[in-house]
Structure formats: structure tokens, C-alpha cells
Amino acid sequence: MSNYLNALLCFFLVILFSENLIADDTYVSFSIDGSAMTSQVGDIYETPLNYISKHGALGAYELRLTYDSSRIKIQHITIPPESVFAGNTSFNPETFDTGETIITAFQTSSDAETHDPTPLAIIRWQVISDVVERDAIILYPVTVLDTNWAPLTVGHSSVSLNGQYVPALNNAIPKSFTIKQCTVSASKNRTPAKDSIAFVCTSFDLESVDFGNSNLVYIEIVNNDPESNMIYDTLFNVNEGFYKNDVFTYKNEEKGVHGFRANIKKNELKLNLQNIDLSGLQEIFTITITIGENTLVGLSSPDIVNKAKPVPIPLYFDNTDMIRVKKHKLLLNANEENADSLLIRGDISFQNRNMDYTGQPVIIHWGDSQIVLPSDKIVQVKEKMIFLYKRSQQEDISIAMMNINMINGTFTIKINNANIGVQESPVEFGLSIGNFNEGDIVQLKE
């Protein structure tokens, strides 16, 4: 998708929140016809991705397909040559066996609306398990615009598998809610990850959510950054839960949902997800809860997550290079040369924890002061992801000790006999080793 369309879609996402811009009788519906699908391992079948538009031509769209990659995978996506979107449709074939594929497209003409199902694409699937459940494929319209780049309402879209229909997750105008509390924890062992996140949400109209007539509940957590990376999602059937006295509850530990409770009277929703993978989660993220035709959206903030504490560093392991200074102690000696000392401790994450950093020089920055540890000094401890240096009595090096523990995500650096000098607060701390080059801003103590 071109950068122009990408920017345009992002711009009109804001417009989607304005009800006045969407006519009640203007909509577009999407469907996937999987009636020919079988459960025979190795079988290949094709499903048309169709659409119908009413009172407005479809100009651009972004659709997210999520599917059970342990049961089926995409082999190929073909765009019909007669389609007005031919040549302007994009998707990433590398995602075909990952369980999520995003299709985006736009047209440059002003093609009229269509009342008959018209194929946008032909999706070829392969069955890799002999058990294919009815919710194996979920269709999620993310952004839908007409040929004037105005938003279109999504009608009753669906997926049919062997004659069983699953409604697509609706692109209805979201209702916002407030996240009052959010607790995030992470396991140090990432294979597999066993992370957890819990929410208490309020300030939205739960009375309008009809649990009795809703089929599916979809939960999605997405980072609120330019990439909008999806961190986690799950789906379950409403009829698997329990509704009594205006309170809906659901629990399925196999799906990671250890508690989902919606109290209509208190207008409060509690969600507890455990033993899931939250790798890459940031302090600012969006949680979307789709219940039938209702879409509820909440935005986190650093002040709420873990009571204003950063998310646990293991969530960045093998994902992001990062360093955080949690403690520092600086002692300056104005009477002697090379007599300053500095202790720094904190969290550290490496994008690639499998790299061997022995034989690599280490450069430490503290403001405009730089200290270098020669390349032959750092050693790896017992072939673990721990790298250590401890100065001997014979060495004339300002770094007395350095410990980088990739297993726990911690680091400690002790410096003495150095000429650090007075630095203005805040001071920039930096650590460079191999291809790792990260820093943090430190407020100096009075």
C-alpha cells in the first residue's frame, strides 16, 4: 500500500468516530464463502472474499484475517483481473502461515456500488489438521472508505465454513471506556512466555451491549505506535459464558482468559488474562473488546500501567534493544584528579540475546564523559547469557566491575578512579557493546 493511502487511512480513522458523517442507510458488507471447505488433511480449497455496497461505492479498505494456523494456512491470494482493485491490492505472503494476514486495497476510479456479491479476492487455503472448528477464520474490517474517502459503515459481514456462519467483527463506531487499573507481569523464561495482564474498566455504556443476542467476544491488544503492532488477541463464544442479574462472566484458562466479568449495573468491566505472550507490549496501548455488534475501545497510559511503573523488561527480550537506569550513585572528588566514582544499575533488553559479546569493546557515556572497556576484557559466564568484567589489581581501568545479565534483564556498572566531573541534570547515559547502542535520561539527585 502506498504511503499516501496509508496516511489517508490513518487520517480517516479519526473521522470514523464522528457519527454525523455516516449515513444510516449507507454500508458495505464483506463475506468469505468457505462452504467448499473440508477437514481432510492436505486438501486445498478456495474461498471468495466478497463484498456488497449499498448507496456508496467501496473506495478503499483494510481487512484483517485471523485464522487458526495450527489447522489451516493460506497458500495464495489472487485478485480477479476485472476487479477495480486490481493492481492496487497489497498483502504480505510471509504471513500466510502465521495466523494473521492483512489485505489493503484502493481504487482510482469511481466505480459504482454493487448489490450482488462481488469478489475482492480469491483465497486459497490448505488444511493441515483434521479438526477445523467453525471459528477457524475470523474476518475483521479495520478501515472502510468510499470513493470520496469518507467512512462507510460495515453491515452484517460473515464467514461461512461448511455451512456454519461466523459474523465478522464489526467496524461499528467504537465506544470509548476508561482503564482505571492495569497490572502487567512477565515471565523471565520466554519459551514459552507466561505473561499476564489485568484490567478494571469503566465509563462506558454497558447497558447498550446485548450479550443475549451476541455470538462472539473478541479481545485485541495493540500498541499505540506508528506500526500499531498487535500484541495479543483472543476470541470466544458468548454462550460459553454465564449471564445472570445483569452480570456476564466467562472463564477459559486454555484460551488465557482467567476472568471476564461485565457488570451492567455498575457499568464496570474486569478482564484477567494469564499465561499469554505479551512480547513487545508498551506502556501506551489500545485494548479493543468487540461484543457482537458493539465495539469498546480503551487507551492505556504510563500513569495507569503498574501504578506508573514501566512494563516488565522481559516483554522486550528478543524484541527490542532497551536500557533503563533504575538506580545511580555519583560521588565527585573536587580535590583530586581521577577520583570520581559512579554506580549504575537498571534493566536491559537485547533484540538478539543469542549473540556472543565476548571480544567486544564496551563504551559507557555519562554526559560528555566517555569510558572505554577494551575488547578483550568482558567474558561470558559458563556459556550462559551473562557477561562479566571485574578489574584486577594490575589493571589501570576506570571500570571496576560490569555485569550484564540477559536472563534476568539486569545490568550493574561500577566506575571509580575516573574523571567524570560535574554534569548538568538531566544527564544522558549510554551503553554500547557490539550492535547494542542504547541510552537513558537520568535525573541527578540533589
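Observations, loosely collected:
- Strands (runs of 3 or more DSSP E) wholly inside the stretch 393-446 that include at least 2 residues being touching a residue at least 12 places away in the same chain (Cβ under 8 Å), out of contact with any His (no Cβ under 7 Å at 6 or more places or on another chain) and of a type in the set (D, E, K, R): 436-442
- Of all residues making up the stretch 322-343, the number that are over 17 Å from Met406 (Cβ atoms), part of a strand (DSSP E or B), among the hydrophobic types (A, V, I, L, M, F, W, C) and in contact (Cβ under 8 Å) with a residue 40 or more places away in the chain: 4
- Restricting attention to the stretch 229-251 and to residues that are at pLDDT 85 or above and closer than 23 Å to Thr98 by Cβ, the residue that is farthest from the chain's Cα centre (by Cα) turns out to be Tyr232.
- Within the option set Asn263, Asn267, Asn272, Asn306, being farther than 26 Å from Asn437 by Cα, of a type in the set (S, T, N, Q) and touching a His at 6+ places or on another chain (Cβ under 7 Å) holds for one residue only, Asn272.
- For the stretch 245-295, taking the residues that are in a loop (DSSP other than H, G, I, E, B) and among the charged types (D, E, K, R), the one that is surrounded by the most Cβ atoms within 10 Å (Cβ to Cβ) is identified as Glu283.
- Here Arg345 does not fit the description of being touching a helix residue (DSSP H, G or I) at 6+ places or on another chain (Cβ under 8 Å), at pLDDT 90 or above and among the basic types (Lys, Arg).
- Residues (surrounded by fewer than 19 Cβ atoms within 10 Å (Cβ to Cβ) and either free of Cβ contacts under 8 Å to residues at least 40 places away in the same chain or under 19 Å from Tyr218 (Cβ atoms) (or both)) located in the stretch 72-87: Pro81, Glu82, Ser83, Ala86, Gly87
- Those strands (runs of 3 or more DSSP E) of the stretch 124-209 in which 1 or more residues are at pLDDT 70 or above and within 21 Å of Val222 (Cβ to Cβ) occupy 137-146, 175-185, 195-202.
- Across the stretch 46-100, the number of residues qualifying as in a strand (DSSP E or B), farther than 22 Å from Pro151 by Cβ and either at pLDDT 90 or above or not aliphatic (A, V, I, L, M) (or both) comes to 12.
The values are calculated or read from the model by the stated rules, or taken from the named source; none is laboratory data. Predicted model, so just to flag it, every value in this text is computed and none were measured. Methodologically, a virtual Cβ is constructed for each residue, glycine included, from the backbone with ideal geometry; neighbour enumeration extends over all protein chains shown.
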